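Take a look at the structure set out below.
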Amino acid sequence: SFFARNRDAAELVKAGNRFYRHRPDRMVETATVLSVASDGLGIPHVRYNLDIQKLRGTTKFSDGPRSLALETFMSTYRAES
């Protein structure tokens, strides 16, 4: 169920943890979690900084903080393995 997934994700997504997304343009996004908090409606959101780097290169771009709903964050980024 939706709430069970959110509980599992909330245990995994904690300040300082890093998550990744490999893009088709050979760039890698690294999301470093700053915090997780619920909004006024009780929907959990992840605040994170984002680094985007070429897979094999020195080109790097940093941006943040950004915010996504926890469910969207978990469907976009993967935990490091």
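The values are calculated or read from the model by the stated rules, or taken from the named source; none is laboratory data. What you are looking at is a predicted structure, and each value in this text was computed from that prediction instead of being measured. Don't worry about glycine lacking a Cβ; one is built from the backbone with ideal geometry, like all the others, and counts go over all protein chains shown. With ligands, DNA and RNA removed, areas are computed over all heavy atoms of the protein, side chains included. Shrake-Rupley method; radii C 1.70, N 1.55, O 1.52, S 1.80 Å.
Structure values in brief
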{"item": "[x] 10.3; [y] 7.6; [z] 5.8, with the label sought being that of the calculated mean projected area of the Cα convex hull in nm²", "result": "[z]"}
{"item": "Of all accessible heavy-atom area on the chain, the percent that carbon and sulfur account for (1.4 Å)", "result": "51"}
{"item": "Local electrostatic count at Thr30 - Lys and Arg +1, Asp and Glu -1, tallied over other residues with Cβ under 13 Å", "result": "+3"}
{"item": "Degrees between helix 2-12 axis and first principal axis of the chain (Cα, 0 to 90, nearest 10)", "result": "50"}
{"item": "Label zone at Thr76 (point 7 Å along Cα-to-Cβ), backbone N below 15 Å, region 25-53", "result": "28-37, 44-53"}
{"item": "Where labels lie 7 Å past Cα in the beta-carbon direction, separation of Arg26 and Leu12 in nm", "result": "2.9"}
{"item": "Rounded accessible area of Met27 (nearest 10 Å², 1.4 Å probe)", "result": "40"}
